[in-house]
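No value in this document is a laboratory result; all are computed from the given coordinates. All values derive from a computational prediction rather than experimental measurement.
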Amino acid sequence: MTTLRQHLSRLGKKGGHARANNLTPEQRSESARMAVQARWEKRRKHLETLLGEITSGTKELHKRARANDRKSSPKKHKRTTS
């Protein structure tokens, strides 16, 4: 006995082949091109998010380092000439 999930899975697999058989080579090519662009766009957005997080983290580290440098550097005293 097949479950509804298995049945729908089989239908989905058949549907892709049936659709591809009904498309012209140019239509299949365009469909594939659009799918590739969608995948790359998703990856690009993900990478931009990661890069933004890295950049903001790096800026925060530089900010903290500058603050620590100011705290730990000895203060220079002006020499007075007599």
Legend entry - Cα shape, the chain, gyration tensor, a/c 1.5 rule: oblate
Inset, instruction - State the extension gain, in nm to one decimal, for the chain segment bounded by His62 and Leu50, taking 0.36 nm per residue of separation less the distance between their alpha-carbons. - result: 2.5 nm
Legend entry - For the chain, calculated [θ]222 nm from helices alone, where every DSSP H run of n ≥ 4 adds -39500 (n - 2.57): -30000 deg cm²/dmol
